[in-house]
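Please read the structure below before turning to the comments.
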Protein chains: 2
Amino acid sequence: MKISALQQARYSYNPKLPLILRENIKEIRPVMGQATESATDQEALKQLFPNTYGLPKVSFEKGTNENIGKKMNVGVILSGGQAPGGHNVICGLYDALKNANPENTLYGFKGGPSGILEDKYTIMTDDFINEYRNTGGFDIIGSGRTKLETREQFEVCTQVCHKHDINAIVIIGGDDSNTNAAVLAEYFRAQGENICVVGCPKTIDGDLKNESIEASFGFDTACKTFAELIGNIERDANSAKKYWHFVRLMGRSASHIALECALQTQPNICLIGEEVEAKNQSIEEITNYIANVIAKRAANGDNFGVCLVPEGLIEFVPSLKILIREINDLLAKTEAEFNAIESVNDKIAFVSAKLSAQSAQVFASLPAEIKGQLLADRDPHGNVQVSKIETEKLLIQTVTKRLKEMKAEGTYTGKFSALNHFFGYEGRCAFPSNFDSDYCYSLGYNAALLLSANLTGYLSSVTQLSKPADQWQAGGIPITMMMNLEQRHGEMKPVIKKALVELDGEPFKYFEKNRETWAVETAFTFPGAIQYYGPSEVCDQSTITLKLEHQN
Amino acid sequence: MKISALQQARYSYNPKLPLILRENIKEIRPVMGQATESATDQEALKQLFPNTYGLPKVSFEKGTNENIGKKMNVGVILSGGQAPGGHNVICGLYDALKNANPENTLYGFKGGPSGILEDKYTIMTDDFINEYRNTGGFDIIGSGRTKLETREQFEVCTQVCHKHDINAIVIIGGDDSNTNAAVLAEYFRAQGENICVVGCPKTIDGDLKNESIEASFGFDTACKTFAELIGNIERDANSAKKYWHFVRLMGRSASHIALECALQTQPNICLIGEEVEAKNQSIEEITNYIANVIAKRAANGDNFGVCLVPEGLIEFVPSLKILIREINDLLAKTEAEFNAIESVNDKIAFVSAKLSAQSAQVFASLPAEIKGQLLADRDPHGNVQVSKIETEKLLIQTVTKRLKEMKAEGTYTGKFSALNHFFGYEGRCAFPSNFDSDYCYSLGYNAALLLSANLTGYLSSVTQLSKPADQWQAGGIPITMMMNLEQRHGEMKPVIKKALVELDGEPFKYFEKNRETWAVETAFTFPGAIQYYGPSEVCDQSTITLKLEHQN
């Protein structure tokens, strides 16, 4: 197998651990803190998690750990979309397990949560794991979107664990996967099974974040990769001085990626879904905002610029959100009939006739291309695949139209030529930045320590992330502490709340304070490609979001 | 102004010069080689360039240079599309001029060749230039697409040079710009003007290349940036195992970028325009080729992959080339009438009715989206803007259709889900790689030495580029030596021949030898982001194309 020079070089990178984790693993002792509570729904959660609610926070200190040497068989699962650093979580977990006891065995369940259900696995060895150190991707064992949530599935998990004498499972995933990890942990305890479950916080979207989790892994690398490209495009825009670039960015439920990229690159415009929703903005209002910035710049002779659009925007615009929901419901109900229709135009007519009057009007106002995309293949949950809707092209069209009107009104005299881009898949499997390499390795290493202390229902936690790694704090947070109850499909379900961009949070406030200047002046910054070697101020920085959130 | 940590760090990078150029500039002496000849059309070119044809090649040796200290005022022009490293050409030129005589003055003409015609310029100073060292973009003075080719323009150039007492001009551009540089050089000599003109070879497309120019600058950085993204996408494809990614890449007249990216990332499929043309392949044949690879992989259970498509492909397919030419001609002839038509559908009908029977049929077979793109705004020369045609989406559609047929025939049993990408603007203004930083700085430094020797009609030349910089050879090549005559708009014109991918060249042969393996096996390589620091094998490599072309 041919590998790149960088991949070869990255194999020998030594991820930085929090100081305490650099001790001999037999000299790291867990310390139980105070019992915890969830922020809301305490009683209900206590009833749902009688065995795992209210557990103490855990930290570590130097001191003899008598449990660390006992033999463990651990299973690890990657769940959901790829995020840079997943391989390092597994490497950290593996190294800690082997440091603790060379007899320990790590089972990698293949293809996501379905791997444990189907008993498909790889047993990790040094040779195997060494080929994945500090690399991107989830190809080490693959990932998948199966959810572990039913009692039947839990029973299969139990059988598979018994078969291999597995006494702990690490689930690497987002909010849903970690919620399910907590439910599985509770199930095992309730059944008297001595199998621990620990989660690790992954999402490149950055929406798994709260008081105990400062950042989910992968966000740093993905944002830096996107910011590299946006910076390059900004420099191109500023050199050619003739194009407006509309860049759509991954990030469905939350606009953290767009916001972080804006902080890193200072574009002329960045839309934030949460703000659009809070202000109940329509496409017309968004269009007017963009067109006005374009006109202001044109008045200065600058007929170029960069506009960032979070891919989830379309679901934050109230009228479009309703339209999408209606289409999802309609297609679920009329699946066979709809699929039998051959032409896109006929599909559009079919749907248009069945929408509510308001949604039919909104749908009619959209360009044909977007209509087609709204009717394209659903995801496995019957939802439209938002990442396939070219919202940036929609905006280019509405803005073009608006600028024509403004020209007629005499309020715009420039020349508008636009190009569109979408960045998502480019960032999910990049070589993890030093930050994500270190953070992920620490999360995995830390998870092994939690498991060896027989802790279950915990999330592996590394905090103080805006500081250098030697000041990071390692520990464990009971997952139930981060939960509340939400209505899902008509039932109240325990969930970890998705962290949206907070409009009164420091990152957004910084953006808000500066965006008018960035809009009119050309204040682009060019982060360049992620650097793994070289000066520390270039290689070891965390995100600006993290710095602003933890500046005090 | 806020700048990124990388930009700050790059300011202090010292570009590596060929050994001879590291000497005290007063101790570098030009050496005239043998008189040169063009490969063809010698007599005709001699007549067109009576004063500048047949000049000797120039190299340098250590020895006292008595001319170097004479005061010079030099103008520099960036011409055409951005390519990483343009700033460093100017920095190298500036530093050499200032080393030779601190009184020397460098005028940067703004906004491309029109800058000299309009006498818009910046006088370079240390403070000014230091902000652009080792950075991407052409924003230092801007670029433009005006061509310097008429006698009237040359007269204006003369006046502007007289006004500022400018005695030399450096033109940084592609094949056309360097051809025009040679014509301008000849004009000045014929007029008895003592103004020298030297060119520097720029194109990210890599199509300005011949026996004397091993690589044009920017190609290295652009390919590495695209290869980073393709590698990330490959890793994503191999992790998710459910998508085929169709990636369109910049490169209109030649497929060098696609080929180099394929060599760096080993995708399952890479189309090469020159091969399509040589084999006279139709869209159907290309579609069948892709569909067959997809089917083979599907038979192994691999319903994922990566396919690279050069943006120029559409013009290499004979039937589409004819169609595009017909549309270009038609729209030029019927401009007012065509522009008055409101709806895209009506425009399509209007054009369809006027095409030749064969082209009308080809046009009818295309998806509506592509039809619309073929009729969109022309470039200033009346040509369709190839970069705006989503050829990768066209192929996804034709392949989807073909796979359906194959499924019905029983020759395909997989699942095909495709995503599309286009990479172009992301790479044109990246921070230049160490290679491009060094190469460009050397080109500029070298240009100053040629000018100080009163040489004109030369291209700044740095060769042996596949070796470390200290083995590079600096010198000058008479531009006429690289010329031949070609028919352009009905006239025979001197041109520098565009270098297309040679099907019997080593880079293509290596690709050809391996592509069947890459198609079926998953042999992806992941180059990762360009590294500017760290191990030399990671930071200082040239392109694989260059290595294969100069391996002997």
Matching residues, the range B:421-445, being within 10 Å of another protein chain (Cβ to nearest Cβ), of a type in the set (S, T, Y) and open to solvent by 10 Å² or more (accessible area, probe 1.4 Å) = B:Y425
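How many of the residues in the range B:216-238 are away from chain A (no Cβ under 14 Å) and open to solvent by 10 Å² or more (accessible area, probe 1.4 Å)?
1
For the range B:402-420, which residues satisfy the criterion of being open to solvent by 20 Å² or more (accessible area, probe 1.4 Å) and of a type in the set (G, A, S)?
B:A408, B:G410, B:S417, B:A418
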In the range A:330-349, what residues are of a type in the set (S, T, N, Q) and either within 17 Å of A:N383 (Cβ to Cβ) or in a helix (DSSP H, G or I) (or both)?
-> A:T334, A:N339, A:N345
How many residues does the range A:248-260 hold that are away from chain B (no Cβ under 13 Å) and either outside any loop (DSSP other than H, G, I, E, B) or closer than 22 Å to A:T517 by Cβ (or both)?
-> 7
Give B:E326, B:E274 a once-over and let me know the one that is within 20 Å of B:N514 (Cα to Cα), part of a helix (DSSP H, G or I), touching a Leu at 6+ places or on another chain (Cβ under 6 Å) and not hydroxyl-bearing (S, T, Y).
-> B:E274
Look at the range A:105-131 and say how many of its residues are surrounded by fewer than 23 Cβ atoms within 10 Å (Cβ to Cβ) and either assigned to a loop (DSSP other than H, G, I, E, B) or charged (D, E, K, R) (or both).
-> 9
Picking from B:L449, B:L394, the residue that is more than 12 Å from chain A (Cβ to nearest Cβ) and either touching a Gly at 6+ places or on another chain (Cβ under 8 Å) or under 28 Å from B:C223 (Cβ atoms) (or both) would be B:L394
Look through A:M72, A:M32 and report the one residue that is aliphatic (A, V, I, L, M), open to solvent by 40 Å² or more (accessible area, probe 1.4 Å) and at pLDDT 95 or above.
-> A:M32
Please give the number of the condition A:G457 fails out of (1) in contact with a strand residue (DSSP E or B) (Cβ under 9 Å, 6 or more places away or on another chain); (2) on the phi > 0 side of the Ramachandran plot; (3) surrounded by fewer than 21 Cβ atoms within 10 Å (Cβ to Cβ).
-> (3)
Members of the range B:508-523 found to be away from chain A (no Cβ under 14 Å) and open to solvent by less than 10 Å² (accessible area, probe 1.4 Å), listed by number | B:F508, B:A519
Inter-residue pairs, beta-carbon under 7 Å, first under 17 Å from B:A349 (Cβ atoms) and touching a residue at least 12 places away in the same chain (Cβ under 8 Å) and in the range B:315-333, second in a helix (DSSP H, G or I) and open to solvent by less than 40 Å² (accessible area, probe 1.4 Å), 6+ apart | B:L323/B:S359; B:L323/B:V362; B:L323/B:F363; B:E326/B:S359; B:I327/B:V351; B:I327/B:L374; B:L330/B:V351; B:L331/B:F338
Scope the range B:296-341; condition open to solvent by less than 60 Å² (accessible area, probe 1.4 Å) and acidic (D, E); matching residues | B:D302, B:E311, B:E315, B:E326
Scan the range A:185-207 residue by residue and report those that are among the small types (G, A, S), buried (at least 24 other Cβ atoms within 10 Å of the Cβ) and under 14 Å from A:C161 (Cβ atoms).
-> A:A185
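Kindly indicate whether B:I348 is under 13 Å from B:L331 (Cβ atoms), out of contact with any Ser or Thr (no Cβ under 6 Å at 6 or more places or on another chain) and at pLDDT below 95.
Yes: the conditions hold for B:I348.
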Out of the range B:1-30, which residues are within 14 Å of chain A (Cβ to nearest Cβ), in a helix (DSSP H, G or I) and aliphatic (A, V, I, L, M)?
-> B:A5, B:L6, B:A9
Cβ pairs under 9 Å, 6+ apart or interchain, first in the range A:56-74 and free of Cβ contacts under 8 Å to residues at least 12 places away in the same chain, second open to solvent by 20 Å² or more (accessible area, probe 1.4 Å) and in a strand (DSSP E or B), ordered by first then second residue, are A:E66/A:R29
Apart from one, (1) in a loop (DSSP other than H, G, I, E, B); (2) surrounded by fewer than 21 Cβ atoms within 10 Å (Cβ to Cβ) all hold for B:P84; the odd one out is (2)
Subset of the range B:355-381 that is free of Cβ contacts under 8 Å to residues at least 12 places away in the same chain and within 14 Å of chain A (Cβ to nearest Cβ) - its residue that is surrounded by the fewest Cβ atoms within 10 Å (Cβ to Cβ) = B:D377
Counting only residues in the range A:135-151 that are within 10 Å of chain B (Cβ to nearest Cβ) and touching a helix residue (DSSP H, G or I) at 6+ places or on another chain (Cβ under 6 Å), the one surrounded by the fewest Cβ atoms within 10 Å (Cβ to Cβ) is identified as A:G144
Considering only the range B:230-247, state which residues are touching a residue at least 40 places away in the same chain (Cβ under 8 Å) and either assigned to a loop (DSSP other than H, G, I, E, B) or touching a helix residue (DSSP H, G or I) at 6+ places or on another chain (Cβ under 8 Å) (or both).
-> B:I230, B:G231, B:N232, B:I233, B:E234, B:K241, B:K242, B:Y243, B:W244, B:H245, B:F246, B:V247
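Return a yes/no flag: does the range A:43-55 have any residue that is of a type outside the set (A, V, I, L, M), touching a residue at least 12 places away in the same chain (Cβ under 8 Å), within 14 Å of chain B (Cβ to nearest Cβ) and touching an Asp or Glu at 6+ places or on another chain (Cβ under 8 Å).
No, that holds for no residue.
Identify the residue in the range A:524-552 that is more than 19 Å from A:I213 (Cβ to Cβ) and more than 7 Å from every other protein chain (Cβ to nearest Cβ) and, among all such residues, is surrounded by the fewest Cβ atoms within 10 Å (Cβ to Cβ).
Per the criteria, the residue is A:S536.
The values are calculated or read from the model by the stated rules, or taken from the named source; none is laboratory data. What you are looking at is a predicted structure, and each value in this text was computed from that prediction instead of being measured. With ideal geometry, Cβ positions are generated from the backbone for all residues, glycine too; neighbour counts draw on all protein chains shown. When the accessible area is computed, the model is the full protein with side chains, heavy atoms only, and any ligands, DNA or RNA have been set aside. Shrake-Rupley method; radii C 1.70, N 1.55, O 1.52, S 1.80 Å.
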